[in-house]
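Below is one structure, written out as structure tokens; the observations come after it.
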């Protein structure tokens with residue numbers, strides 16, 4: 001079985017995120033240059049960036065972190081590298097990227113997520129969720145420059161959109177790929 005490349009998944013996730021294939025592909029290329037996405041050697045089917053929970057997490061975090069292609073490397077690296085002081089109370093992960101990847105790779109866990117947000121003006125991210133007892137909780141992740149410079153701008157991935165993306169991943173058997 002040939003694994004689906006991230007490029008092949010861009011039209012699907014692009015519709016969900018309200019972005020064109022070209023805009024997402026250019027973002028993917030910037031993320032490869034930044035070292036946030038791994039690209040395998042070769043050409044044609046089976047080469048390039050694989051569509052995995054981790055690569056999709058990196059792409060979504062990048063979309064949340066910035067609109068501008070020129071800021072993709074810096075803002076995406078800052079958000080993906082943000083860490084919590086202990087562990088995420090939902091995923092038991094320390095880094096924001098690993099926590100989001102864990103959520104995308106585990107649909108049963110994702111059902112608890114209310115939203116995922118990333119500050120576009122500070123090195124800060126958050127996963128808000130409702131635990132099994134019905135208590136609203138959050139895990140906050142901090143990078144460099146965690147203080148907003150006066151005006152605060154935050155982008156949010158809603159519960160509904162998270163589940164639509166996970167449903168698309170399941171249709172294309174992406175969850176059967178590597179979990180990290």
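The values are calculated or read from the model by the stated rules, or taken from the named source; none is laboratory data. Every value quoted in this text rests on a predicted model; they were computed, and no experiment measured them. Quick reminder, even Gly has a Cβ in these numbers, built from the backbone with ideal geometry, and neighbours come from all protein chains shown.
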**Item:** residue 135 at pLDDT 95 or above and over 17 Å from the mean Cα position of the chain (by Cα)
**Value:** yes
**Message:** I'd like the full set of residues that are loosely packed, with under 12 Cβ neighbours inside 10 Å and closer than 16 Å to residue 122 by Cβ, limited to region 134-146.
**Reply:** 144
**Message:** Any residue that is in contact with a helix residue (DSSP H, G or I) (Cβ under 7 Å, 6 or more places away or on another chain), touching a residue at least 24 places away in the same chain (Cβ under 8 Å) and under 21 Å from residue 161 (Cα atoms) - is there at least one of those in region 30-46?
**Reply:** no
